[in-house]
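J.: Before anything else, here's the structure in question.
The values are calculated or read from the model by the stated rules, or taken from the named source; none is laboratory data. Bear in mind the structure is a predicted one, so any value in this text is a computation, not a measurement. Using ideal geometry, Cβ is built from the backbone for each residue, glycine included, and neighbour counts are taken over all protein chains shown. What goes into the accessible areas is simple: the full protein's heavy atoms, side chains included, and nothing from ligands, DNA or RNA. Shrake-Rupley method; radii C 1.70, N 1.55, O 1.52, S 1.80 Å.
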Amino acid sequence: MLRQRPVTGPFALTLQQQNTNRIYCLNAEAARQNLDKGMSYADARAFCPDLQSGPADPAGDARFLHMLRRWATRYCPWVGLEGEAGLVMDITGAAHLFGGEATMVADMRARLARVGLGACIGVADTRGAAWALAHYREGSAPPGAMLEALKSLPVAALRLPEDTSVSLQRLGLREIGALAQAPRAPLTRRFGLEVLRRLDQALGTQPEEITPLAEPPHYGVRMTLPEPIGLLTDVMAGTERLLTQLCAKLKAQDMGARVLCVTLRRVDQGHQQVELRLARPMRDAARILPLFERGLAAVEAGFGIDQLRLEATQVAALPVQQISHVADRGKDQLDDLITRIGTRIGLDNIQRFLPADSHIPERSFLIAPAAYAAPSSAWSTHQPRPLTLFPPEAIAASGARPPKRFRWRRMVLRTGRAVGPERIAPEWWLQDDAWRSGLRDYWRVETKEGRRLWLFYTPQNPGWFVQGEFA
């Protein structure tokens, strides 16, 4: 495992926004150089030539914050997200389990430091006061003394918009203490209810709830058996019962399983797993059960299996759709066939052709795994294309019309019928060595020997080539 060295000196993460590379976040050293979030990276380098940078990953940060939220539930059950880079926790009734608030905070810092994370932590009776302390002065506010703890902090600590904070400072209300002593009626007339609402929430005169982030649904069921089993029929029967329960959970959430995993625990505490990767999201127990048979038949039961566990390790949305019996039956059978073959050779090895936006024959299609790509009806039908394409193979012929007799792959062929020409020009915006010769005139040639070939002629550099064969 590679361990990244800690960055020393000014450092910032940048993000491309509206064709401008801007600072996404920065460390304390960079902030002391008068840099700020949202500043263009070019201006930041002008202010601080020693600035180091790296690309930001907002999606990765969001995933990490969700993982950190799950970790924080070890301290209290009520944990929510606070913006893009923070957590809010309601530790009421939980702090004494760790020896008090100070001991809990110290334990948090120690555990985060072990993995190289720093944290700004504020503890107070209200959510607004805790946010202000965490962002502007770490520490704890004594119970019932919110104003005393916050009065020296800037008004921006009340989670006010930047323009509102600037307007308050121009009026001389730079600190929360001064704002709390100012007449409320003029403030309401000038700034509306937002300023006083945030002030009252921070001081505790107006309640503010903490909404914890709900845990994502867990799609897993298990069964503990009173007596060990070992026969395939018994294992299949147990799997069927679990599938019925799991599919009911999936249906309630309008979800379908893409990957299922059965864990079989033996009486000797050993366990085996059977994974099933489905070609399409499914929640039909009757269709899924037969697909498990091959994998479960290979399980070594040993002295017996006393527990079965079934989990959908990968799910996807599967909304309710109107049933068309004929079309859906054929589609379901194809999906089940892809799944069965995929359990032997892998789903990624079963591929299908998809149309691509190009008139060049070699680039007019894509190859994608059939399990992860739906069939497309956007194929062009105005000009037929051969079933088999291969690199152009030169043949000895002259003239702009298809040759009456030519030799190809050691076979002497005679032209019986020719349809064309279809002129295809190269895509000048792409560099392609195979198309440097320029225009091509394509012909569909049926030979008297039964071969149906796709020939083309290059008028700018006279020559004939074979590139494909029709079925």
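Residue by residue, here is whether (1) open to solvent by less than 20 Å² (accessible area, probe 1.4 Å); (2) free of Cβ contacts under 8 Å to residues at least 24 places away in the same chain holds:
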site	(1), (2)
Ala119	no, yes
Ala124	no, no
Gly128	yes, no
Ala132	yes, no
His135	no, yes
Pro142	no, yes
Leu150	yes, no
Leu153	yes, yes
Ala157	yes, no
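J.: Yes or no: Cys261 in contact with an Asp or Glu (Cβ under 6 Å, 6 or more places away or on another chain) and under 25 Å from Gln333 (Cβ atoms)?
T.: So Cys261 passes the test.
J.: Out of segment 209-222, which residues are modelled with pLDDT of 85 or more and open to solvent by less than 60 Å² (accessible area, probe 1.4 Å)?
T.: Tyr219, Gly220, Val221
J.: Further question: Say we look at segment 262-285 and pick out the residues that are surrounded by fewer than 17 Cβ atoms within 10 Å (Cβ to Cβ) and not in a loop (DSSP other than H, G, I, E, B); which of these is nearest to the chain's Cα centre (by Cα)?
T.: Across segment 262-285, the extreme among qualifying residues is Glu275.
J.: Which one is farthest from the chain's Cα centre (by Cα), of the residues in segment 359-401 that are closer than 28 Å to Arg417 by Cβ and hydroxyl-bearing (Ser, Thr, Tyr)?
T.: That would be Ser398.
J.: Give Gln169, Gln201 a once-over and let me know the one that is open to solvent by 60 Å² or more (accessible area, probe 1.4 Å), touching a residue at least 12 places away in the same chain (Cβ under 8 Å) and not in a loop (DSSP other than H, G, I, E, B).
T.: The conditions single out Gln169.
J.: A further question follows. Here is a list: Glu393, Glu427. Which entry is in a loop (DSSP other than H, G, I, E, B) and acidic (Asp, Glu)?
T.: When all the criteria are applied, what remains is Glu427.
J.: Consider only pairs whose beta carbons are under 7 Å apart and that are at least six residues apart or on different chains; among these, list those whose first residue lies in segment 295-322 and is aromatic (Phe, Trp, Tyr) and whose second residue is in a strand (DSSP E or B).
T.: Matching pairs, first to second residue: Phe303/Pro228; Phe303/Arg266.
J.: Same structure, new question: What strands (runs of 3 or more DSSP E) completely inside segment 5-94 contain at least 2 residues that are touching a helix residue (DSSP H, G or I) at 6+ places or on another chain (Cβ under 8 Å)?
T.: Counting at least 2 such residues, we get 11-17, 20-26, 78-81, 87-90.
Listed here are the residues, each with its yes/no results for (1) among the hydrophobic types (A, V, I, L, M, F, W, C); (2) under 30 Å from Thr339 (Cβ atoms); (3) surrounded by 15 or more Cβ atoms within 10 Å (Cβ to Cβ).
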| residue | (1), (2), (3) |
| --- | --- |
| Pro361 | no, no, yes |
| Ala371 | yes, yes, yes |
| Leu389 | yes, yes, yes |
| Ala397 | yes, no, yes |
| Lys404 | no, no, no |
| Ala418 | yes, no, yes |
| Gln431 | no, no, no |
| Trp443 | yes, no, yes |
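J.: Between a residue in segment 56-81 that is surrounded by 17 or more Cβ atoms within 10 Å (Cβ to Cβ) and any residue that is part of a helix (DSSP H, G or I), which pairs come within a Cβ distance under 6 Å, given they are 6 or more apart or on different chains?
T.: Pairs that qualify, where the first residue is surrounded by 17 or more Cβ atoms within 10 Å (Cβ to Cβ) and the partner is part of a helix (DSSP H, G or I), are Val79/Arg69; Val79/Ala72.
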